[in-house]
Structures are given as C-alpha cells and as structure tokens.
Amino acid sequence: MKKRISNIELLRIIAMFMIVASHLACHGVQHCNDSINAYKIWQAGSTFNKIFVSFLTPGGMIGVACFFMITGYFNIEKNSFSLKKVVLQGSFYGLFSVLLLVVAKIMKYNFEDIDFSVLFSTAVKSIFVPITNGNVWWFLTAYVYLMLLTPFLNRVAQKLNKKGYLFFILFVWLVVYSLDGTLFGLYWSVQRGVLFYLIGGYIKINIDVKRFKAKSKEKIILTLVAVLSWVVDFAAMFVTDGKRYIVNNKPGNIMDTISVVFGNGFILAIPVVICSISIFVLFLSFEFENKFVNNIAKTTFGVYLIHDSVFARSFIWHGILKVDTVLYKSGLFPVYAMCSIVAVFIICSFVDMIRLKFIETHMINVVDNIIHHFTTL
C-alpha cells in the first residue's frame, strides 16, 4: 500500500471543495449558461450574489487541474498502472446514480430541466457504459483515457531534457489546450488532462520543491500569485457571463459571440493555468502527516461521482437545496451557499466511506477471481 502524503491529500480535499462550489454556481444558478431559463435565473439575484457566483466558478477548472497535476506528479516515472479501482468505482456509482433517480421520482421530483429522452439515455449509459461515455461523468472518461495515454507520455517525458520537456508543455498549453479549448474541441477534456499531467510530471522531475519548504517568502509569493490569478479569472468570468447569457438565451450580435469565445480562451489559457500551478507548488512546499486528512482524501473521487451525476446535480441543487429558486434570491445567499457546499461534501464523503469499508474489497475480489479464471491454465 502506497504511503499517502498529507499535504497532497489536503490539496485533494480543497480541490474537491472548489469543484463542489463551482457546481453549485454553474449547475445551481447558471445552468451552465445554456438552458432556456438561465438568463432569467441569473437576473433574479442581486449584483452581490452574481459576483459571488462568478467568484465560485473558477474553482471547478482549477480543482480539476490540481487533480490532473497530482496524477502526473505521482505517475510520470512509473512504467505500469492499474485502472481497476477507478473502473469499479465508476461502475458502482453508475448504478448508484440510477438508484438516486428512482428515489427522486418517488419523492415526486420531476427533473424539469432534463428532457425525458436525455433522462432515459443517461440512465442506460450510467448502468452499462459509465466509464467511457463522457455524458455521464466527463472527468471519469477523461481520466481513464489519460491513464491509457500515460505509457506514451511517460516515455516522451523521460527522454526529453529539461528544455525539451518545457517546450513540449508550451506546445500542449498554447495549441492543444488553449486553442482547442477556445474552439470547444471534441476531445478537449482529455487534452486538458494531458496538459496538467505533464505539468505535474515536470514539477516532479525538474523542480526541487524542497527549497520552498523552509522559505516563507516563496510561499507568500505563490499565495499572492494564486489569489491574483483567481481574481483575474473571476473578473473575466463575471464580464463574460453576461455576454454568454445573451448569446445563448437572447438575440445577440457577432461581437457578443466573439467576446464570449475570446473571453473563454483567455480564462483557459492564462489565469487557470497560473493559479493551478501556484496552488500545487504551494501545497508541495508544506510537509506534514495527518491520518484524518488522509482518510477523508480517499473519498474525494467518490464525492465527485456521487454529487455530479446528471441526476444528482439536478436533484441536489434544484430539488433539495432549491439554489436557483430560493437561495440565490436571498440576501444571505453566500452563507447558504457555503453551508450547502460543506453539507454536500460531508454527506457524499460519508457515503463513499461506507463503500470503501463494506463494498470495494468484495468488488475487487470478484474481479480478481474472474481475471484469474481467464488468465491461468
């Protein structure tokens, strides 16, 4: 069993908190800016509530980047890997999400924001192809494909010198990630994973993080850079959001569309990358061991799979918490929002602890027995 490094495990927890917070913003209030009622819902909140929503939104992109960098940091020098636990976890929560759909229907929740055809097809995909179908969980699909690419990425990274590796990252950053992300490329989720995986690997191979551990000045600089880039990201997001609603929900002109495309490109290309790297290196500069942190961190992927299935995101944010119809219109929305984020994380973490304790080992044993049956004479 690999030893868990608590400073990185704490980063996993914080990154997942950021992701849950961004989901409250984009699924709870913004509806990802493309539903018919998104503009009306956005307008119903006060200016301060709009600002707060836009402030939460970057956490999703930055949190995801941190997870991919963690993967690269620990895997870049490996020659083998296993997807068994991830695949089994995805399959388990695919069935769990369909069970949640049934529970929601029993509770008379109608999923008004999801067409019946989408509801039905997603239920089928959640049961039979939750891993490879990006419509169920895009991050799970991107992660699996990224891991299948790691033997190639690792060989390239290990052959390049420091300068060559850096140019490789710059090419992926400017062309594969930023340009394709701006143009909404079909495989951009995987390409995002590749960029941050390579960055995590570069830090592991070429940067001596120990020099940051005893120097508070460097930590302060990293913190300031992370905060400043988050603020820039948030400001760009807030300005772009209004234009995006016009493009998606109201008649807009060509300049509105151009501003959305270039605004999206700027957010992806600069502040998200800088903020993610700063946060990652900052947490590497700390060093401590904490069993509680390590145990909670084990559940972070489960937290994501539980709360962000197509059914859960509608049922939690709209059906149970009523973020868009009640909380967002309140003057205490920031307080309600933070309490909701913490509650969602804790409940989902507790559910995954139950899976880890009582179910995961049995699932692994069954799969190992099947594999053994078909691979031995």
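A short reminder: the numbers here are calculations on the coordinates, not readings from a lab. Everything numeric in this text was worked out from a predicted model, so none of it was measured. A quick note on method: Cβ atoms are made from the backbone with ideal geometry, for glycine too, and the neighbour counts reach across all protein chains shown.
Take the Cα of PHE168, step 7 Å toward its Cβ, do the same at GLU112, and the gap between the two points is 5.2 nm.
Using the Kirkwood radius built from alpha carbon pairs, what does the Stokes-Einstein equation give as D for segment 81-128 at 25 °C and 0.890 mPa s, in µm² per second?
208 µm²/s
For a label point 7 Å from the Cα of LEU119 along Cα→C-beta, name the residues of segment 82-108 whose backbone N is under 16 Å from it. Answer for segment 82-108: 97-108.
Shown here for segment 273-377: chymotrypsin sites (Phe, Trp or Tyr not before Pro) in loop regions (DSSP other than H, G, I, E, B) with at most 11 other Cβ atoms within 10 Å, namely PHE288.
When Rg and the Kirkwood Rh are both derived from Cα coordinates, the Rg/Rh ratio for segment 15-112 amounts to 1.09.
Considering only VAL102, VAL323, VAL29, the Gaussian network model of the chain with Cα springs below 10 Å gives its largest mean-square fluctuation to VAL102. Across the options SER121, LEU11, ILE131, the greatest Cα extent toward the positive end of the charge dipole of the chain (unit charges at beta carbon of Lys, Arg, Asp, Glu) belongs to LEU11.
Computed extension gain for LEU224 through LYS357, at 0.36 nm per residue and net of the alpha carbon distance, reaches 43.9 nm.
Evaluated over the Cα positions of segment 265-334, the convex hull gives a direction-averaged projected area, one quarter of its surface, of 7.9 nm². Sequentially through segment 98-111, phi angles give Karplus couplings (6.51, -1.76, 1.60; θ = phi - 60°) of 5, 4, 4, 4, 4, 4, 4, 5, 4, 7, 6, 7, 9, 6 Hz, Gly and Pro residues having no value and appearing as x. Here the convex hull built on the C-alpha positions of segment 63-156 has a volume of 113 cubic angstrom per residue.
In the chain, the alpha-carbon atoms span a convex hull of 155 Å³ per residue. Computed from phi, the 3J(HN,Hα) profile of segment 310-325 under the Karplus parametrisation 6.51, -1.76, 1.60 (θ = phi - 60°) reads 4, 6, 5, 5, 6, 5, 5, 6, 9, x, 8, 8, 6, 4, 6, 8 Hz, with x in place of Gly and Pro. Segment 311-333 and segment 283-310 have Cα centres spaced 25 Å apart. Calculated [222 nm] ellipticity per residue, helices only, for the chain: -23500 deg cm²/dmol; basis is -39500 (n - 2.57) per DSSP H run with n ≥ 4, divided by all residues, nearest 500.
Rounded to the nearest 20 debye, what is the charge dipole size of the chain about its Cα centre when +1 sits on each Lys and Arg Cβ and -1 on each Asp and Glu Cβ? All intermediate terms of the calculation are to be shown ahead of the outcome.
On the way: 34 positive and 19 negative charges, 189 e Å.
In debye, rounded to 20, the chain gives about 900.
Net charge of the neighbourhood of ILE371, taken over other residues with C-beta under 15 Å away and scored Lys/Arg +1, Asp/Glu -1, is +1.
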